[in-house]
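Undergrad: Can you keep this structure in mind? I'll have questions shortly.
The values are calculated or read from the model by the stated rules, or taken from the named source; none is laboratory data. Remember, it's a predicted structure, so these values are computed and weren't measured experimentally. No Cβ is skipped: glycine too gets one built from the backbone with ideal geometry, and neighbour counts run over all protein chains shown. SASA here: full protein model, heavy atoms, side chains in, ligands and nucleic acids out. Shrake-Rupley method; radii C 1.70, N 1.55, O 1.52, S 1.80 Å.
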Amino acid sequence: MSLENKTIRLTTAQAIIRWLSCQYIEIEGQELRVCGGGFGIFGHGNVTCLGEALNTVHEELPLYRGQNEQSMGFAAAGYSKQWLRRRFMFCTASAGPGTSNLLTSAALAHANRLPMLLLCGDAYVTRLPDPVLQQMENYGDPTFGVNDAFKPVVRYWDRITHPAQIIQSLPNALATMLDPADCGPAFIGLPQDVQGWAYDYPAAMFEKKVHRIRRQSPDIHEIVDAAALLKTAERPMIIAGGGVQYSGAVAELTAFAEEHQIPVVETIAGRANMVATHPLNIGPIGVTGSNSANAIAEQADVIIAIGTRLQDFTTGSWTAFSKQAKFISINAARHDAGKHMSLPVVGDAKLSVKQLGDAVQGYSGPTSWVDEAKDHRAKWDAYVAENVLPGNRPNSYAMAIGMVNELCDKRDRVIAAAGGLPAEVTANWRTQDIGTVDVEFGFSCMGYEIAGAWGARIAQAQQEPDQDTIVFVGDGSYMMLNSDIYSSVLSQKKLIILVLNNGGFAVINKLQNNTGNDSFNNLLADCPTIPEPFSVDFESNARSQGAIAETVSNPAELGEAFKRAKASDKTHVICMNVDPYIGWTTEGHTWWECGTPHITDNENVRAAHVDWESSRSKQRQGV
C-alpha cells in the first residue's frame, strides 16, 4: 500500500503528540524539533488521554512538571524568547481552573509576540454527562465556556470536536506560531471525550517535516520611498527593537548604522542589539530610557524604527519626538509598520535593512550630528557609573545591578519584568554581548521573572550550558510567584536570583506620590489593614524550595555572594534590602501619559494633575 493511502489508527491525543514530535526546524544548519517539549500539570481533563500519549515520547518531547499553570506559561514564553521565537514549548492543563490559570500567560505571549502552544482540557462534546466537574454552564449558549476566554489573547484558537479536525488545525497553529508577522500563542481546546476517540489518520501526516522561518522581502517601491526620505535627513536616528534579534538582523543593523553614520537607540525589547561600548549606541529610549537617547530623539528629523511596535514606554506616549519628525517603519507586521503615519517597509528586518542600505549608497549622517549624539552618550555613561557606585547611602536597585554587571560573564542572560526593576535594568545595565537581556515589558507581568527565567534556562542549557541565567526580582513579584525556584532545583536548571526587598510595591508608591497622593496600600507600612507589618524571610523560603540562599547587607557583600553563586551548580538566591524612597534612577525619563483625577478635593493631587498635563502639548496625535 502506498504511503498516500496508508493510515494509522490513533486517538486524537496520540495523533497530536506524534505529529508534534515529527516537526523540525532548521537553525544555523542544524535540524532540531521545533517543539522543545512542554510544561504540564495533569488533572482529570488531560491526564488519561493526553498524559498517556505524552508518556510514550517523554524522551523526544520532555515534559516538565509545573507548580502553577500561569508560571508554566511564563516559562514557555521565556523558552521561546531565548530561542528567538524559532522554537516553542507547549503547556497542557486540565479543564476548568487549570486552563483558566493560563490566561495571563497567553496574554503575555500575545503582547510580546511569542509562540506558545496551549493544549487544554475542555467539556465533553457529547454533553451526556453534563454538567461536569469544573464546567462553566452558559444558559444561552452551551458551546460557550471558559476556553472561549482565550480568543482575545491568542493568535490562533480552535476547539477539536472531531479527531479529523487536527489534520488541518495543527498545521494552521504551527504556521501561526512560526509566522514573523502573526507570531503568538496558539490555543487548542481538547474535549475530554474527543481526546480518547480513535481515527484512521493518513500515515503521511506523521512524516518528518522541516520548517523554516519565512523571510518576507520588502516591496521595492516601499524601499525606494524610504530611501528618498532618508536621503533628506539632517538628523537621522534608528530605533532598534526586539524584532532586530528575532530576524537575526543584528549584523545588518550594525553595518547599516556604521556605513551611513546613523545613531542607534534601543527599545526595552531591543536591549542588547548593540554592546554598550559601540560608538553609535546612544542608549535606551523612552520613559525608562536615557538622557542621551531621549535628547537626540527630540531633535531627530527622520527616524527609522526597526522591529518595534512603538509602545508608549518607547515613544514617551508620543512626546519623545518632534512633531515634524518623519518615521520609516521596517516591520514584518503590516499593523506595526504603519503606525503614526509611518512610511511603511513591510518585510523581514534582515532583508529590508540591507536593501535600504543599498538604496542610500553614499548617504551619511552629518558628522556634527553624530558627534553630538556621542557626547550625550558619554554624559549618560558618566551618570550611570556614578548611579551604580556603592557609597555612603542606602542600598538601591542600581547598586545591585552595577555589582552584578561588573562580575557576570558577558554571555550570561539577565531577566527582569515588573515593578521598578525593568526601568532600573534598562537604564543602568551595560550590555556586554548581543542578545543577553530579557526585560519583559510588553505585558510587564509580575511573576514572570523566576518562571520565565526557568524556561529561559532550559533553552540556554541547550545552547550555552556553561552560562548563567540571572534574575532581578523585587519582593512584590517574588511573593506573587516564586514556586519555580523549586522547579529549577528539581529539574537541575540552575538560576541565580537576586531578591531585592523594598517592603512592598515601591515603584507604584513612587507613582502614587508623584501624582500628589499620599502613600496608601503599596508599601506594607502604609496599609491600614496591616496593624503590624513584617517582612518575609526570603532566604528561608528559598532554602525550603531546595535552593542555596543567603542574605547580604550591602552591595559589597552581594558581590561576594554573587561570586559564590557563579561557582555553584545549584540555584542560588541572594537577598538584600533596598530603600523604597532613596536611590531611584532619576534621570533618563520622558513624559508618560498616566490618568490623573481632573476633579479632586486634594490640593496636592490637583497641582500634580496640572503639572502632569502641562507636557501634553508635546504629544503627537497620530501623525
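Undergrad: Sum -39500 (n - 2.57) across every DSSP H segment of at least 4 residues in the chain, then divide by the residue count to get the 222 nm mean residue ellipticity, nearest 500.
TA: Taken over the chain, the calculation gives -10000 deg cm²/dmol.
Undergrad: To continue, here is another question. Across region 574-583, in residue order, what do the Karplus-derived ³J(HN,Hα) couplings come to in whole Hz, using 6.51 cos²θ - 1.76 cosθ + 1.60 with θ = phi - 60° and x for Gly and Pro?
TA: 10, 10, 8, 7, 10, 6, x, 10, 9, x
Undergrad: Could I ask something else about it? Take the alpha-carbon centre of region 107-146, take the same for region 81-98, and report the distance between them in whole Å.
TA: 16
Undergrad: Carbon and sulfur together cover what percent of the accessible area of region 361-481 at a 1.4 Å probe radius?
TA: Ligands and nucleic acids excluded, carbon and sulfur reach 50 percent.
Undergrad: Right, another one. Keeping the other protein chains in place, figure out the carbon and sulfur percent of the accessible area of region 1-110, with a 1.4 Å probe.
TA: 46
Undergrad: On to the next question. Straight-line reach from Lys323: which aspartates and glutamates fall under 13 Å, measuring Cα to Cα and dropping same-chain residues less than 8 apart?
TA: Glu298, Asp301
Undergrad: Next question. Amide H to amide H under 5 Å from Gly45: which residues, 5+ apart in sequence or cross-chain, H placed 1.01 Å off N in plane?
TA: Residues meeting the amide H criterion: Ala95.
Undergrad: In addition: Explain nothing, just the number: relative contact order of region 120-178, from Cα pairs under 8 Å at least 6 residues apart, as a whole percent.
TA: 20
Undergrad: Please work out the Cα convex hull volume for the chain and give it in Å³ per residue.
TA: About 177 Å³ per residue, rounded to a whole number.
Undergrad: Going through the cross-link list Lys231/Lys374; Lys81/Lys339; Lys231/Lys350; Lys326/Lys350; Lys326/Lys379; Lys81/Lys618, which pairs have a Cα-Cα distance over 31 Å in this structure?
TA: Lys81/Lys618
Undergrad: How high is the relative contact order of region 322-469? Use alpha-carbon pairs under 8 Å, at least six apart in sequence, and give a whole percent.
TA: Working: 146 pairs, mean separation 21.8, N = 148.
RCO, region 322-469: 15 percent.
Undergrad: What ranking, highest mean first, results for peptides 72-79, 366-373, 127-134 when packing means the other Cβ atoms within 10 Å averaged over each residue? If you can, show how the numbers build up before the last one.
TA: On the way: 72-79: 32.9, 366-373: 16.2, 127-134: 12.8.
Final packing ranking: 72-79, 366-373, 127-134.
Undergrad: Given a Förster distance of 45 angstrom, what is the FRET efficiency for His278 paired with Asn55, based on the Cβ-Cβ distance and rounded to 0.05?
TA: Calculated value: 0.35.
Undergrad: Let me ask you something else. Would you work out the charge dipole size for the chain about its Cα centre, treating the Cβ of every Lys and Arg as +1 and the Cβ of every Asp and Glu as -1, and quote it to the nearest 20 debye?
TA: 1140
Undergrad: Next up: Along the charge dipole of the chain, Cβ charges K/R +1 and D/E -1, which of Thr232, Ala175, Ala75 sits furthest on the positive end?
TA: Ala175
Undergrad: Helix 349-359 sits at what angle to the longest principal axis of the chain, using alpha carbons and giving 0 to 90 degrees rounded to 10?
TA: It works out to around 50 degrees.
Undergrad: Can you give me the % of accessible surface on region 168-288 that is carbon or sulfur? Probe 1.4 Å, all protein chains present, nothing else counted. Can you show the working numbers first?
TA: Details: 2130 of 4200 Å².
C and S atoms contribute 51 percent here.
Undergrad: May I ask you to derive the relative contact order of region 216-369, considering only C-alpha pairs under 8 Å and at least 6 residues apart, and to give it as an integer percent?
TA: 32
Undergrad: Quick one: Cα centre-to-centre distance for region 477-525 and region 557-623, in angstrom?
TA: Going from one Cα centre to the other spans 13 Å.
Undergrad: Another question about this same structure. Can you compute 3J(HN,Hα) from phi for each residue in region 185-194, using the Karplus curve 6.51 cos²θ - 1.76 cosθ + 1.60 with θ = phi - 60°, rounded to whole Hz and x for Gly and Pro?
TA: Residue by residue, region 185-194 yields x, 10, 10, 10, x, 10, x, 5, 7, 5 Hz.
Undergrad: Take each of the peptides 51-59, 348-356, average the number of other beta-carbon atoms within 10 Å over its residues, and list them starting from the highest.
TA: Numbers: 51-59: 15.1, 348-356: 24.0.
Ranked from most to least packed, the peptides come out as 348-356, 51-59.
Undergrad: Here's a follow-up. Straight distance only, please: which aspartates and glutamates reach the Cα of Lys6 with their own Cα at less than 18 Å, same-chain residues fewer than 8 apart left out?
TA: Reachable aspartates and glutamates: Asp200, Glu207.
Undergrad: Right, here's the next one. Determine the per residue accessible area of the chain with all protein chains present and a 1.4 angstrom probe, expressed in square angstrom.
TA: Here the per-residue accessible area is 40 Å².
Undergrad: While we're on this one: Specify the inter-centroid distance of region 406-466 and region 35-52, based on alpha-carbon positions, in whole Å.
TA: One Cα centre to the other: 29 Å.
Undergrad: Counting only residues 5 or more places away or on other chains, whose amide H sits under 5 Å from the amide H of Phe327 once H atoms are built in the peptide plane?
TA: Those lying under 5 Å, H to H, from Phe327 are Ile303, Leu343.
Undergrad: Distance in nm between label sites at Asn513 and Ala198, each 7 Å beyond Cα in the beta-carbon direction?
TA: According to this spin-label approximation, the distance is 6.9 nm.
Undergrad: Something else about it: Helix 220-230 against the longest principal axis of the chain: what's the angle in degrees, Cα atoms only, rounded to the nearest 10?
TA: The angle comes out near 20 degrees.
Undergrad: If you line up the long axis of helix 448-463 against the longest principal axis of the chain, both from Cα atoms, how many degrees apart are they, to the nearest 10?
TA: Approximately 70 degrees, to the nearest ten.
Undergrad: Return the lysines within reach of Lys494: Cα separation strictly under 16 angstrom, same-chain partners fewer than 8 residues apart disregarded; answer none if there are no such residues.
TA: Lys563, Lys566, Lys570
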